[in-house]
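Input: a single structure, listed below in structure tokens.
Laboratory data are not the source of any read-out in this text; all were calculated from the coordinates shown. Please read these numbers as outputs of a predicted model, since none were measured by experiment. FYI the Cβ positions are ideal-geometry reconstructions off the backbone, even for glycines, and counts take in every protein chain you see.
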Amino acid sequence: MIRPPEYVSAINPYVPGKPIEELERELGIKDSVKLASNENPAGPSKKALRALDKGLFEAVNRYPDGGAFYLIEALAGKLGVGGDSLVLGNGSNELIEIAVRTFMRPGDDAVMAWPSFVVYPMAVQAQGCSAIKVPLADFRHDLDSMAGAITEKTRMVFVANPNNPTGTINKREEFDRFMDKVPEDVLVVVDEAYFEYVTDPDYADSMKHLSAGRDVLVLRTFSKIYGLAGLRIGYGITRPEIACEMDKIREPFNTNTPAQAAALAALADEEHVERSRKINDEGKEYLYGELDAMGIRYVPTEANFIFMFPGHGASEVYGSLLREGVIVRPMGEDAIRVTIGLPEENRRFVEGLKKIKRG
């Protein structure tokens with residue numbers, strides 16, 4: 001049998017969760033709630049759904065617009081950048097892989113915080129490169145240590161802001177100081193998948209550094225607050241020269257017609273974004289109160305999920321909640337990550353935790 005390179009064989013593949021229907025069948029339960037994948041519990045906007053229907057029935061037999069003209073135009077107008085500064089991806093996951101394939105060669109390395117988004121080290125290792133993992137400090141990116149970990153082999157630095165899985169952010173002053181230390185020829189990839197949820201006014205301004213001409217790639221997505229995770233569409237904002245190089249690697253039809261249509265409509269529906277943000281903020285405060293009352297330690301979040309330590313093993317809590325019809329994400333030995341859901345979903349989660357606490 002043909003063998004891949006050793007650095008590919010050594011990758012631990014991403015393990016997706018089972019479909020809800022299959023879990024319910026196996027466990028003999030029904031009406032489960034999924035709070036494991038940081039999706040928008042309110043779903044997409046009605047405007048996006050109407051555009052999706054139109055895209056499915058009118059154009060699905062044709063190849064998509066490889067340049068996504070209308071979506072690029074709308075994004076450029078909203079962001080105040082030129083269309084040549086934008087790159088679309090099949091989710092921001094693909095943009096991570098495109099960036100790595102474009103700018104890294106076997107033997108290079110990339111610096112990242114850990115734990116953070118699992119795709120970063122996977123994409124880097126798949127290119128025959130090394131992932132330099134810098135431990136979080138107080139659940140946040142230790143940007144000073146990350147800057148100190150950069151070597152002559154470093155081609156890229158990943159900063160998830162807010163960070164997944166902890167929900168923490170890096171603020172303006174520390175990020176500015178970090179950028180002052182990063183060499184000019186290192187690409188800083190700032191993953192802002194959850195930035196629409198951030199409420200802290202001191203949130204780092206990555207776009208400022210891009211406007212100043214630095215090699216920055218800002219990643220954002222329609223999968224989270226816009227509720228289009230199943231359509232897989234995200235975008236990168238960067239210097240035109242960087243976007244041009246990435247477009248050489250990007251597949252011509254990497255974003256499909258229905259996804260482009262739904263994203264275009266979703267972008268214009270500010271009311272849905274505000275409603276989704278309100279649901280998240282109210283759910284977060286409710287969960288904070290309940291967790292405080294139970295004495296469960298958690299990390300305050302600027303995203304749509306909470307990283308917590310329920311006081312039992314993560315696998316035990318995951319299994320117990322699953323039998324209650326609540327799906328969360330175990331994180332290591334003693335932590336779980338739970339998506340902030342709709343009010344009833346949050347109550348189901350809290351009731352499940354209380355049952356576990358009672359033993």
Once the piece of chain linking residue 78 and residue 211 is laid out straight, how much longer is it, given 0.36 nm per residue of separation minus the C-alpha distance between them?
46.4 nm
Taking θ = phi - 60°, what integer Hz values does the Karplus form 6.51 cos²θ - 1.76 cosθ + 1.60 yield along segment 215-221, in sequence order, with x for Gly and Pro?
7, 10, 10, 9, 9, 9, 8
Just how large is the dipole of segment 73-134 about the Cα centre, in debye to the nearest 20, putting +1 at every Lys and Arg Cβ and -1 at every Asp and Glu Cβ?
140
Points 7 angstrom from Cα along the Cβ direction at residue 3 and residue 199: gap in nanometres?
5.5
Under 5 Å between amide H atoms, partner at least 5 residues away or on a different chain: which partners does residue 132 have, H built in plane at 1.01 Å?
110, 111, 112
What does the helix-only formula give at 222 nm for the chain: each DSSP H stretch with n ≥ 4 adding -39500 (n - 2.57), the total divided by the residues, and the result rounded to the nearest 500 deg cm²/dmol?
-13000 deg cm²/dmol
Return, ordered by residue number, the residues of segment 90-108 whose backbone nitrogen is under 18 Å from a label point located 7 Å along Cα→Cβ of residue 153.
100-101, 103-108
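What is the dipole size for segment 263-345, taken about its Cα centre, with +1 at each Lys and Arg Cβ and -1 at each Asp and Glu Cβ, in debye to the nearest 20?
Using only the charged Cβ atoms, the result is roughly 240 debye.
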Per its Cα gyration tensor (rounded if a/c is under 1.5, else prolate when a/b beats b/c, else oblate), segment 64-220 is best filed as oblate
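State whether segment 1-133 is rounded, prolate or oblate according to the following rule on the C-alpha gyration tensor (a ≥ b ≥ c being the square roots of its eigenvalues): a/c under 1.5 gives rounded; otherwise a/b larger than b/c gives prolate, and the remaining case gives oblate.
The shape class here is oblate.
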Once residue 281 and residue 137 are pulled to full extension, the length gained, defined as 0.36 nm per residue separation minus their Cα-Cα distance, is 49.3 nm
Report P(r) for the chain: all Cα-Cα distances, bin width 10 Å, range 0 to the bin holding the largest distance, values in whole percent.
5, 23, 32, 27, 12, 1
For residue 347 and residue 49, extending 7 Å from Cα along the Cα-Cβ vector and measuring point to point gives, in nm, a value of 2.3
From Cα coordinates alone, what are the radius of gyration and Dmax values for segment 136-232 in angstrom?
13.6, 40
Other-chain or far-sequence residues with amide H under 5 Å of residue 335's (modelled H):
314
7 Å from Cα along Cα→Cβ at both residue 29 and residue 355: what's the point-to-point distance in nm?
0.7
Pull up the DSSP beta bridges for the chain and report the antiparallel fraction as a percent, rounded to 5.
50
